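Okay, so here's the structure we're looking at.
The values are calculated or read from the model by the stated rules, or taken from the named source; none is laboratory data. None of these values were measured; they are calculated from a predicted model. Every residue, glycine among them, receives a Cβ derived from its backbone with ideal geometry; neighbour counts consider all protein chains shown.
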Ligand code: NAI
């Protein structure tokens with residue numbers, strides 16, 4: 001099972017998404033050690049309709065549950081044209097594009113949203129309510145190329161704050177607020193994140209909360225469990241995958257040709273001052289991945305030291321609540 005988790009972390013690091021890569025290994029290892037991630041989950045898939053189902057994750061590792069659930073959705077979408085699969089009671093599942101790209105590699109459209117712990121102020125509020133509630137979408141083009149869009153509904157993911165802390169870097173004052181609800185540049189003072197584009201990002205976060213929380217009968221809004229509080233309790237998170245077979249509407253070859261045209265069209269757009277090229281969504285990460293293939297994947301010193309230390313083996317964990325630090 002751990003290899004599934006490792007695959008998602010490496011996928012993220014290899015594309016420069018360090019916020020969801022090896023940086024989280026210590027947290028996952030600690031939660032596994034404290035049994036807040038179920039070591040022996042009773043995974044089972046319940047079909048709830050011709051094109052829908054619930055993957056019961058029994059608070060097992062989210063990376064594994066989300067992948068198995070996506071594979072069920074892929075199977076169902078190939079049979080029935082469309083599939084909606086909820087993952088119920090899961091741990092944190094990392095970078096969502098890992099799952100949506102799986103669908104796109106099968107010539108399907110992949111969409112996924114998930115719950116995340118409450119750390120985002122609603123538009124106009126000074127207290128957090130929703131999580132960073134990410135949204136991912138991937139579609140196939142030609143020659144194995146994909147458009148893959150994957151974002152937190154906040155200006156930045158929480159992991160980017162952690163990354164800034166690990167590198168001792170300041171953050172822009174548009175990312176987050178301190179305990180008074182004032183914008184801050186000090187990653188150690190962050191108490192809540194800001195949604196993207198004010199009320200619009202706030203609305204998207206609400207949508208994700210409904211689809212992956214309320215719809216699945218799980219704790220929602222500010223009742224979603226916190227990543228860093230009780231590490232001995234399962235997180236009861238939710239995720240929703242939607243997979244659409246383009247052949248319901250067109251032929252797969254026309255669909256992929258049109259996506260390939262979109263990619264070429266976007267790449268041919270005249271760049272604005274200060275930009276070298278317009279990328280299609282996800283292409284910026286392909287560029288990073290290519291660089292890493294030559295130079296190796298960058299990992300900050302502290303994370304490297306942790307990975308080669310014996311902490312994982314001797315179970316001597318400690319953790320600090322990032323909202324108290
Ligand atoms: P980001 O801000 O790095 O990128 C967002 C999107 O914009 C990506 O699709 C990226 O390819 C695209 N993009 C960025 N620069 C671009 C450019 N120059 N040209 C074209 N497209 C460009 O992503 P963010 O919001 O920091 O999220 C990072 C990861 O964190 C995601 O994988 C997300 O799923 C994950 N996440 C997971 C959570 C969880 O609870 N499981 C919670 C929040 C985020």
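Details
- Filtering segment 296-308 to residues that are under 13 Å from residue 16 (Cα atoms) and without any contact (Cβ under 8 Å) to a residue 40 or more places away in the chain leaves only 296.
- Condition met for residue 232 (out of contact with any helix residue (DSSP H, G or I) (no Cβ under 7 Å at 6 or more places or on another chain), modelled with pLDDT under 95, within 16 Å of the ligand (Cβ to nearest atom) and assigned to a loop (DSSP other than H, G, I, E, B)): no
- Residues in segment 293-325 that are modelled with pLDDT of 80 or more and in contact with a helix residue (DSSP H, G or I) (Cβ under 6 Å, 6 or more places away or on another chain): 297, 299, 300, 302, 303, 306.
- No other residue among 211, 204, 218 is away from the ligand (no atom under 13 Å from the Cβ), modelled with pLDDT of 95 or more and not in a loop (DSSP other than H, G, I, E, B) apart from 211.
- Residue match in segment 268-282 (condition: closer than 23 Å to residue 135 by Cβ and in contact with a helix residue (DSSP H, G or I) (Cβ under 6 Å, 6 or more places away or on another chain)): yes
- Qualifying residue in segment 69-80 (condition: within 16 Å of the ligand (Cβ to nearest atom) and either assigned to a helix (DSSP H, G or I) or surrounded by fewer than 24 Cβ atoms within 10 Å (Cβ to Cβ) (or both)): yes
- In segment 153-185, the residues that are buried (at least 18 other Cβ atoms within 10 Å of the Cβ) and either at pLDDT 95 or above or farther than 16 Å from residue 20 by Cβ (or both): 153, 154, 155, 171, 175, 176, 177, 184
- For segment 285-301, the tally of residues that are in a helix (DSSP H, G or I), away from the ligand (no atom under 16 Å from the Cβ) and under 23 Å from the mean Cα position of the chain (by Cα) stands at 1.
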